[in-house]
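Participant: Attaching a single structure in structure tokens format; questions to follow.
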Amino acid sequence: MNFEELVKFLNSTFFNTIAVGIVGAFAYWIGKTQAKIQDSVELYASLGIMKDIATQNESKIIYIQNVGTRVLYFDSYEFNGKPYELNGQVQAPTCSGAINSFYRISLPINGECHVSLFVYFHDAENRKWKSKIICDFQNQWWDIKTYPREFLK
């Protein structure tokens, strides 16, 4: 193929169609990847301390934050096997800047030293999720571990 034939080929409709198709496929892939990154669902639990202003008593609590990018709806949770209904309580993502963008649950004060917590929630597409949180009282402090959320069918 000589230079003139190469120029004709590069200017041809066939070549341009292929080039546009490749660029379009790449742009589609980038868009899907961005959407997947922006569509994150995850909870994170940490230890908090609440102070009663009147009595100055402190109590330990579990702060549960929506650290994903979507608004979530808390349906219920199980605390050491006992169910508690939340009826779709709205939980804004932490990144939204919403005030009090966390849910709090009191830790036991009766000598229990282990808490097994499962939080059940759904998103706007009604995809259902479950997060596991384990709390252990060790060395006079609550150690709180949050595990990756699980998709429920």
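Taken together, the values in this text are just the output of simple stated rules run on the coordinates, not laboratory data. As the structure is a prediction and not an experimental result, all values here were calculated from the model. Virtual Cβ from ideal backbone geometry, glycine too; neighbours counted across all protein chains shown.
Participant: With axes computed from alpha carbons, what is the tilt in degrees of helix 13-38 against the longest principal axis of the chain, rounded to the nearest 10 within 0 to 90?
Facilitator: For 13-38 against the chain, the angle is about 0 degrees.
Participant: Right, another one. Mean residue ellipticity at 222 nm from the helices of the chain, using -39,500 (n - 2.57) per DSSP H segment of n ≥ 4 over the full residue count, to the nearest 500 deg cm²/dmol? Show your work: numbers first, answer last.
Facilitator: Values: 2 runs with 34 residues, N = 153.
Value at 222 nm, helices only: -7500 deg cm²/dmol.
Participant: Students often check this: by mean Cβ neighbours within 10 Å, which of 64-70, 145-151 ranks highest, and how do the rest follow? Please list the in-between numbers first.
Facilitator: Details: 64-70: 20.1, 145-151: 12.9.
Ranking the peptides 64-70, 145-151 by packing returns 64-70, 145-151.
Participant: OK, next. Return the distance in nm (one decimal) between the two label points of a simple spin-label model at Asp136 and Ser40, each offset 7 Å from Cα along Cα→Cβ.
Facilitator: My value for the distance between the label points is 2.7 nm.
Participant: Follow-up. Here are labelled values, [x] 162; [y] 200; [z] 121, and one is the computed volume of the Cα convex hull per residue in Å³ for what I pasted. Which one?
Facilitator: [y]
Participant: Continuing with this model, one more query. Give me the dipole magnitude in Debye, nearest 20, for the chain about the Cα centre, with unit charges on the beta carbon: positive for Lys and Arg, negative for Asp and Glu.
Facilitator: Values: 15 positive and 15 negative charges, 27 e Å.
Roughly 120 debye, rounded to the nearest 20.
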